[in-house]
Amino acid sequence: MADIESVLKESRIFEPPSTFRQAAHVKSLEEYRALYRRSVDEPEAFWGEQAESLRWSKRWERVLEWDPPFASWFVGGCLNLSENCLDRHVATWRKNKAALVWEGEPGDTRVLTYHDLLREVCRFANVLKALGVVKGDRVGIYMPMIPEAAVAMLACARIGATHSVVFGGFSAEALRDRMNDAQARVIVTADGAYRRGAVVPLKANVDAALAGAPSVENVVVVRRTGEEVPFHAGRDHWWHELMEAASAQCPAEPLDAEHPLFILYTSGTTGRPKGVVHTTGGYLLQASLTMKLVFDVKDEDTYWCTADIGWVTGHSYVVYAPLANGATTFMYEGAPNHPEPDRFWRIVERHGITVLYTAPTAIRAFVRWGEQWPRKHDLTSLRLLGTVGEPINPEAWMWYHSVIGGGRCPIVDTWWQTETGAIMITPLPGAIATKPGSGTLPFFGVEPEVVDKDGHAVPPGAGGYLVIKKPWPSMLRTVYGDPERYVETYWKRFPGIYFTGDGARRDADGYFWIMGRVDDVINVAGHRLGTMEVESALVSHPRVAEAAVVGRPDELKGQALVAFVTLQAGIALNEGLRAELKEHVVKEIGAIARPDEIRFSEALPKTRSGKIMRRLLRDIAAGRDTIGDTTTLEDYSVLARLREEEE
């Protein structure tokens, strides 16, 4: 690990609109700074005060026990997450407020009030208990984006079963490996899911997975598509039949604050996936507080996080945090471009979405499809926009701000990870001025630092490694069944300090700029460059929709820069454009970042959550065979086409 150079230049600043600021939960930079200082100077007092907002069945004895790298938060306290998301709202005027609004890809819709959702959750909690599930058992959830997915998660939380959601786009092999690692007793699935007009055969995938997953005793199947699916007598059960017989009364189980709420698997480049373990009290508190303050959520909001529940963003900001705040959360089942590329904007208009939280990769796709699609729809209900998942390049940020937000909506560019559980670096939209491409400042109680390879803080403007210096409530507690891997992966590089795996820099205003994964840093003639910065320079060219930059071995320079570029729709490819793009990068950030090679591609290899798989592009650029785990790849044909172009 050598140090990382930062070459991106961005000077635009956007202050919070005055009308937004006046009504925000945190109204000024001074208020933010005072609260932040207290949160890091007296973290236990700060988090103890914030925890009073939750419903506890037994108060904690100590806020934090920290035996690096193992943390326990709210030691001795007991609560139930499902109760905090449902029961306490049903006891108020929110009883008949919409908790969950849903739209399926074919256009069907459902609305569940808090009262409705509580009854459904209690019924399914009783279904699980009737199947023999007890506190501490693991339950697999492999489902489409339908309300039953949220019901299943909340039902597990209600009885103390630890859920492991597996994204419904994963293969049977990926599902099998995750269920075996978790030793799940039950899988909840559906006959199928709709995706771009086709049916994804979820039940068939479960059947294939269970041929090698002996711990699973029961499968519960939601009838979503009506497709004929084989049933194994004694093992497989229809959701609707079990629910009809179940009582709508199920008291919430008081659980220790450190009781494991869920295991969520993240893919490694090689080897078996890591099961990230999150517990109950600290996770719920930080997810809930970030929801309230980062999205400035109000009772009248209809909030839409576009993530799938198979990812941590779906856990935290589709299901748990919105419901803990008594908000209305929106779920959509299908693809953003089905039947046409305006599906998201049609949804915003139809349902009056006020807060939209989506990924930079989606925004870049919208840019490529053209602004004629959002222009067809009335988007004036939107008051706040958010991004999540990876750094957003400044030009995509500007498009999002002007075309989708009409220049009036603050953008919260959030940095966090599966492992952190909740948002860590983010603007507060009424308090913190934003800069396109920057996550801005840390959330309360979070102490990030940018360090060199020896763990020393680097000066403002210098690139380095992003670390978190102190424990935070929603942090992962371990890797399931493998505490040594937890220590090795996250805590060994800088002892006692959490290493995020990301490169970053901090500017003169203290704002953080994420430069991408350290694995993606490229060493060019002794200069270590973050891929995100070179990609941002390419995407700032008006003809470029998306770019991914990787290194390939080079005898002279160590590594050469290879850029894979997707052009805007309707742009014709010509040889002069290659030279033009190379010179554009030189003009934007300097000759050191000039790409050695530019390859044009109709699409880039991405995970099913939309992240570009640069690891695969590195193999292609170097002429190597693809190695490591590819189960998260969304479209294998993209890889095949890139290989063909190479040949």
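Quick one: which of Asp207, Asp177 is over 22 Å from Leu118 (Cβ atoms), out of contact with any Asp or Glu (no Cβ under 6 Å at 6 or more places or on another chain), acidic (Asp, Glu) and modelled with pLDDT under 95?
Asp177
Looking at region 1-109, the helices (runs of 4 or more DSSP H) lying wholly inside it that each contain 2 or more residues that are of a type in the set (D, E, K, R) and without any contact (Cβ under 8 Å) to a residue 12 or more places away in the chain sit at 29-41.
Here Gly463 clears all of (1) closer than 21 Å to Thr279 by Cα; (2) touching a strand residue (DSSP E or B) at 6+ places or on another chain (Cβ under 8 Å) except the condition numbered (1). Residues that are of a type in the set (S, T, N, Q) and either in a strand (DSSP E or B) or more than 26 Å from the chain's Cα centre (by Cα) (or both) within region 539-564 comprise just one, Gln559.
Here the condition is being in a loop (DSSP other than H, G, I, E, B), under 15 Å from the mean Cα position of the chain (by Cα) and on the phi > 0 side of the Ramachandran plot; of Gly437, Gly421, Gly406, it holds for Gly421 alone.
In the set (1) within 24 Å of Pro360 (Cα to Cα); (2) free of Cβ contacts under 8 Å to residues at least 40 places away in the same chain, Ala593 fails one condition alone, (2).
The condition of being surrounded by fewer than 24 Cβ atoms within 10 Å (Cβ to Cβ) and touching a helix residue (DSSP H, G or I) at 6+ places or on another chain (Cβ under 7 Å) holds for only one of Ala193, Ala208, that being Ala208.
Applying the set (1) buried (at least 23 other Cβ atoms within 10 Å of the Cβ); (2) under 18 Å from Thr414 (Cα atoms) to Gly282 leaves exactly one unmet item: (2). Within region 578-627, if we keep just the residues that are β-branched (Val, Ile, Thr) and outside any helix (DSSP H, G or I), the residue that is modelled with the highest pLDDT turns out to be Ile598. Taking residues in region 181-199 that are over 18 Å from Met153 (Cα atoms) and of a type in the set (Phe, Trp, Tyr), and partners anywhere that are at pLDDT 95 or above and buried (at least 17 other Cβ atoms within 10 Å of the Cβ), the pairs with Cβ atoms closer than 9 Å and at least 6 places apart or on different chains are Tyr194/Gly104; Tyr194/Glu105; Tyr194/Pro144; Tyr194/Arg224; Tyr194/Thr225; Tyr194/Glu333. Selection within region 565-621: residues that are of a type in the set (Gly, Ala, Ser) and either under 28 Å from Gly334 (Cα atoms) or within 30 Å of the chain's Cα centre (by Cα) (or both). The member of this set that is surrounded by the fewest Cβ atoms within 10 Å (Cβ to Cβ) is Gly570.
Kindly establish whether Ala172 is within 24 Å of Thr607 (Cα to Cα) and not hydroxyl-bearing (Ser, Thr, Tyr). Step through it out loud before you land on a result.
Numbers: within 24 Å of Thr607 (Cα to Cα): yes; not hydroxyl-bearing (Ser, Thr, Tyr): yes.
The answer is yes for Ala172.
Filtered by the rule that a residue be at pLDDT 95 or above and among the aromatic types (Phe, Trp, Tyr), region 274-330 gives Tyr283, Phe295, Tyr303, Trp304, Tyr317, Tyr320, Phe330. Of all residues in region 348-369 being out of contact with any strand residue (DSSP E or B) (no Cβ under 6 Å at 6 or more places or on another chain) and among the aliphatic types (A, V, I, L, M), which is surrounded by the most Cβ atoms within 10 Å (Cβ to Cβ)? Going through the qualifying residues, I end up with Val348.
The values are calculated or read from the model by the stated rules, or taken from the named source; none is laboratory data. All values derive from a computational prediction rather than experimental measurement. Every residue, glycine among them, receives a Cβ derived from its backbone with ideal geometry; neighbour counts consider all protein chains shown.
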